[in-house]
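Below is one structure, written out as structure tokens; comments come after it.
None of the figures in this text is laboratory data; all of them are computed from the coordinates on show. As the structure is a computational prediction, the values presented were derived from the model and not from experiment. Virtual Cβ from ideal backbone geometry, glycine too; neighbours counted across all protein chains shown.
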Amino acid sequence: MTTAVAGERAAELRGFRKVQRLAYECAEAVAASLEPGVTEREAARMQRVWLRERGVRDWFHLPFAWFGDRTAFVNFRVPLQFFPTDRRLEPGMPFILDMAPVHGGFTADIGYSGSLGLNPLQDKLMDDLEAHRELILREVRERRPLRAIYEDVDRLMVRQGYANRHRAYPFGVIAHKVDRVKERRWSPKVFGFGTQSLKGLAADALHGHREGWSPLRSPYRFSDHPPRPGLWAVEPHLGFRGTGAKFEEILVVTDSKDPEESAFWLDDDLPHVRRWAEGK
Amino acid sequence: MLENARERRVRTGGVELCVAEVGEPGQPTVVLVHGYPDSKEVWAQVAARLADRFHVVLYDVRGHGRSTAPRPLRGGFTLEKLTDDFLAVVDAVSPDRPVHLVGHDWGSVQSWEFATVARTEGRIASFTSMSGPSLDHFGHWINTRLRRPTPRRVGQLLGQGAKSWYVYALHTPVLPELAWRGPLGKVWPRVLERFERVPGDGYPTSSLPTDAAHGAWLYRDNVRARLRRPRADAYAHAPVQLITPLGDAFLSERLYDELEQWVPQLTRRTLPARHWIPRSRPDQLAAWIGEFVTANEGGRTVTAPDGKYAERFGGQLVLVTGAGSGIGRATAYAFAESGARVIAVDRDPEGAAHTAEMSRLLGAPEAWAETVDVSDEQAMEKLADKVAAEYGVVDVLVNNAGIGLAGSFFDTTPEDWKKVLDVNLWGVIHGCRLFGKQMAERGQGGHIVNTASAAAYQPSKALPAYSTSKAAVLMLSECLRAELAGQGIGVSAICPGFVNTNITSTARFAGVDAEEEKRRQKRTARLYGLRNYPPEKVADAILRAVVRNEAVVPVTPEARGAHLLSRFTPRALRAIARLEPPL
Ligand SMILES: NC(=O)c1ccc[n+]([C@@H]2O[C@H](COP(=O)([O-])OP(=O)(O)OC[C@H]3O[C@@H](n4cnc5c(N)ncnc54)[C@H](O)[C@@H]3O)[C@@H](O)[C@H]2O)c1
């Protein structure tokens, strides 16, 4: 690896990290200003406005907000149901904010879980998500096929007691690719994915994202090969009887032989990671 | 009847009221108002159960018990005068702090007046109402139905109209008084025991004939006037808890359909019982009153769990066996979401502990895990003692633990038989015997659910032992239901078909080696997975069965189908019994 390439890569990652942080800041700011009676639509608009004021003009997908049992995608059958509704926030209700802004050519795709006041059940789900973050990183480093990772996530979830039957984890996939939107020359050696593999995604970003976690999609349609080098938005989502929790953040996958270098989280300074660290 | 009560007399508006107090005066004050034809002693059991935490105040309504009657009687019982009495009592017993008001029957009718007129504002911290609507709300309720008489509304009017026969009777002059002072007064205690299922414990007091005769004026002085011209501003200025006995012979539940419009903060509770709940269900009432008072004292708005049956199961004690997995776990969760206190029993300690932990997070005020093998008689006895001593008497018992066993009759060894009967049948017997006995001895109702199976009525050559065990559970449930009906304890047998749980992976397959057993477990698990009927739906059926007191509940279409066949074409069932299972 030449220093020039390494330097370019570091700059790229800085760009992605910056927009991911911005998105999480947005989530925290909006979450803090949610009040009883606010609707999902309003919460989605608050995210849009907050980010637009800070220079975001383009979206990988527009912000989502889910309240109450919609955080667990209860009874979701058609993709339209993912879009924000007039559901109002009530004390104790869980919520999830999910947004994918593009800033300076870099994309983020994040998910933030919280509740209005205390919600011990959602706290428990968030606690249990920590093991999923560790498991995914470990297995990507082991170059396990995506499908095998999915199945292990599923098994972990069953072990954690969220279901004792198959297919209970309804969220289809746990990761999808993310990239820069504007075409640019970069080192295929580092990231290893060309624009051709992204064209469809960029053209139909929202659709692609929706596909990514549509409960209608079977996990078995995944490729049987390990995640290719590139940026992966990872989004494990636990749902338990009307309460859901997730996080979403970017995992960097490279073709390095060194396990530590072969996959790593873009940023370890995120709300959910801090939360777990504080809990210890 | 009221033990350790301190008595005082309060003068007001020409009468002298007899007021009794129990419990520490420093504690929050709970005022209990009795109905018709009663005296304050109707609350004896409830007061005794509240006295350790609250300053409990009871008084005889004017003209009742040892309070004096107004002269003349006519016009002496208006709601305005009753409000004067209430204010005089609370000024005497709790001059500085608002009180928590509780009313039953006419005590509740008048308490609605107290809780909705301006001059008591600030004197009432909360109001628990049972079996007595606001006459103003009732008047509006009738008017809405008269104004737009849809068939359903006319039905509701006629329904309540029929239940109000005694109100018309009480409006006839003199006759009611004669009846109460004569024969009716004598037979009344027995009527109550017989039809209202209240304990025969020396109540009603000797003042009954006069109470009943004077109390007729409660109706005559108020009912016609208020129903004809209900107040338009009868909004409650305190949080209200409405407790509705579902078997009330005198009041229809429908009366409260529009109550939210009058009460900004309403908590609803229901219980399967008849009209005189202060005497027939004192434990439950004391628990609900205590919880409501404490919540409102703490300045918390009461956020009751919003599970489907929260009105019915909130605060109740529910024990589920086999709660570490599958149907039992889903059942524990469903009760937890309805605000019940849950005891999760399983022989698998981790499974039980997890169920208890998640139950708490789902809304169970308390949840415990108990590691017990239900087939172990002594262990079950120990459990029953512990539960009674530490958690209380179980309100709903779900005998659900069970194991699977497949294989032809001649492949099934005596040990196999013993094992499956020990868990599936003896486990249920122990549960019913021990916890059912505690329920019956308490004498305040309850419910037992036994998880049988569609195999209880669908014979199969592949499941002789399992089906036998489940048929026994079904019959046991039916017999017990007959025996306990008179004590207000319901018994339901749940008969699921194929449900996607762990039972397939742990089931024993008789007559094959270990490897083949593994293979069959996997294969069955796969088939059940394809069928994919979730245990949550069985849990839902279990809660519904308790609410409706259903006897036999087939769950899943195949179980319902087989149930129909068993009744109408048992031959078809026998033909199915001969089929080779796809293993
Ligand atoms: N799953 C079905 O298709 C189905 C159909 C009809 C009836 N049933 C009945 O439903 C009940 C629950 O079964 P499930 O499907 O949830 O199975 P499951 O195996 O998922 O759960 C049964 C639970 O009971 C516990 N248990 C077993 N034996 C015990 C004992 N001796 N003492 C204490 N706990 C014990 C187990 O540890 C387990 O946690 C059983 O009685 C079963 O016969 C199941």
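Which condition breaks for residue B:378 when tested against (1) away from the ligand (no atom under 12 Å from the Cβ); (2) closer than 30 Å to residue B:460 by Cβ; (3) over 27 Å from the mean Cα position of the chain (by Cα)?
Of the numbered conditions (1) away from the ligand (no atom under 12 Å from the Cβ); (2) closer than 30 Å to residue B:460 by Cβ; (3) over 27 Å from the mean Cα position of the chain (by Cα), the odd one out for residue B:378 is (2).
Can you work out which of the residues in segment B:326-349 that are within 14 Å of chain A (Cβ to nearest Cβ), over 24 Å from the mean Cα position of the chain (by Cα) and without any contact (Cβ under 8 Å) to a residue 60 or more places away in the chain is surrounded by the fewest Cβ atoms within 10 Å (Cβ to Cβ)?
Checking each candidate, the answer is B:349.
Yes or no: residue B:546 more than 15 Å from the ligand (Cβ to nearest atom), buried (at least 22 other Cβ atoms within 10 Å of the Cβ) and part of a helix (DSSP H, G or I)?
Working: more than 15 Å from the ligand (Cβ to nearest atom): yes; buried (at least 22 other Cβ atoms within 10 Å of the Cβ): yes; part of a helix (DSSP H, G or I): yes.
So residue B:546 passes the test.
Consider residue B:511 against the criteria (1) more than 14 Å from chain A (Cβ to nearest Cβ); (2) over 32 Å from the mean Cα position of the chain (by Cα); (3) at negative phi: it satisfies all of them except one. Which criterion is unmet?
For residue B:511, the exception is condition (3).
Being within 17 Å of the chain's Cα centre (by Cα) and away from the ligand (no atom under 14 Å from the Cβ) is the filter here; which residues of segment B:442-463 pass it? Explain how you work it out, then say what you get.
First, pick out the residues of segment B:442-463 that are within 17 Å of the chain's Cα centre (by Cα): B:442-449.
Result: B:442, B:443, B:444, B:445, B:446, B:447, B:448.
With the requirement that a residue be assigned to a strand (DSSP E or B) and touching a Gly at 6+ places or on another chain (Cβ under 8 Å), what does segment A:107-131 give you?
Looking only at segment A:107-131, we keep the residues that are assigned to a strand (DSSP E or B), and these are A:107, A:110-115.
Hits for segment A:107-131 are A:113, A:115.
State all residues of segment B:490-504 that are under 17 Å from residue B:457 (Cβ atoms) and within 6 Å of the ligand (Cβ to nearest atom); if no residue qualifies, say none.
B:496, B:498, B:499
What is the one condition in (1) under 40 Å from the mean Cα position of the chain (by Cα); (2) more than 14 Å from the ligand (Cβ to nearest atom) that residue B:572 does not satisfy?
(1)
Looking at B:537, B:518 in this structure, which one is among the charged types (D, E, K, R) and within 14 Å of another protein chain (Cβ to nearest Cβ)?
Just one listed residue meets the conditions, B:537.
Where in segment B:303-362 are there helices (runs of 4 or more DSSP H), lying fully within it, with 3 or more residues that are near the ligand (Cβ under 10 Å from one of its atoms)? Explain how you work it out, then say what you get.
Details: elements: B:310-313, B:326-337, B:349-362.
So the answer is B:326-337, B:349-362.
Going by the structure shown, is residue B:216 assigned to a loop (DSSP other than H, G, I, E, B), closer than 20 Å to residue B:112 by Cα and among the small types (Gly, Ala, Ser)?
No; evaluated as a whole, the condition is false for this residue.
Among (1) more than 14 Å from chain B (Cβ to nearest Cβ); (2) farther than 29 Å from residue B:324 by Cβ; (3) surrounded by fewer than 18 Cβ atoms within 10 Å (Cβ to Cβ), which single condition is residue A:91 missing?
Of everything listed in (1) more than 14 Å from chain B (Cβ to nearest Cβ); (2) farther than 29 Å from residue B:324 by Cβ; (3) surrounded by fewer than 18 Cβ atoms within 10 Å (Cβ to Cβ), residue A:91 misses just condition (1).
What number of residues within segment A:41-52 are over 19 Å from the mean Cα position of the chain (by Cα) and crowded, with 20+ Cβ neighbours inside 10 Å?
Residues of segment A:41-52 over 19 Å from the mean Cα position of the chain (by Cα): A:41-42, A:45-46, A:49-50, A:52.
This time we only want the ones that are crowded, with 20+ Cβ neighbours inside 10 Å, so: A:46, A:50.
Summing the residues that are over 19 Å from the mean Cα position of the chain (by Cα) and crowded, with 20+ Cβ neighbours inside 10 Å in segment A:41-52 gives 2.
Six or more apart or on different chains, Cβ atoms under 9 Å: show the pairs whose first residue is in segment A:5-24 and under 23 Å from residue A:45 (Cα atoms) and whose second is assigned to a helix (DSSP H, G or I).
As it stands, the answer is A:22/A:51; A:23/A:47; A:23/A:51; A:24/A:271, since those pairs meet every condition given.
In segment B:511-529, how many residues are outside any helix (DSSP H, G or I) and within 16 Å of the ligand (Cβ to nearest atom)? Full working, then the answer.
Applying the first criterion (outside any helix (DSSP H, G or I)) to segment B:511-529 yields B:511-513.
With within 16 Å of the ligand (Cβ to nearest atom) added as a condition, the list becomes none.
Residues that pass the stated criteria total 0.
Here are some residues: B:356, B:323, B:352. Which one is under 27 Å from residue B:550 (Cβ atoms), hydrophobic (A, V, I, L, M, F, W, C), within 14 Å of another protein chain (Cβ to nearest Cβ) and more than 16 Å from the chain's Cα centre (by Cα)? I'd like the intermediate steps shown before the answer.
Working: B:356 fails: under 27 Å from residue B:550 (Cβ atoms); B:352 fails: under 27 Å from residue B:550 (Cβ atoms).
It is B:323.
Does segment B:367-375 include one or more residues that are within 15 Å of the ligand (Cβ to nearest atom) and polar (S, T, N, Q)?
Yes; the residues of segment B:367-375 include at least one that is within 15 Å of the ligand (Cβ to nearest atom) and polar (S, T, N, Q).
Check B:139, B:132, B:107 and return the single one that is in contact (Cβ under 8 Å) with a residue 40 or more places away in the chain and not in a helix (DSSP H, G or I).
Numbers: B:139 fails: not in a helix (DSSP H, G or I); B:107 fails: not in a helix (DSSP H, G or I).
Within the list B:139, B:132, B:107, the selection yields B:132.
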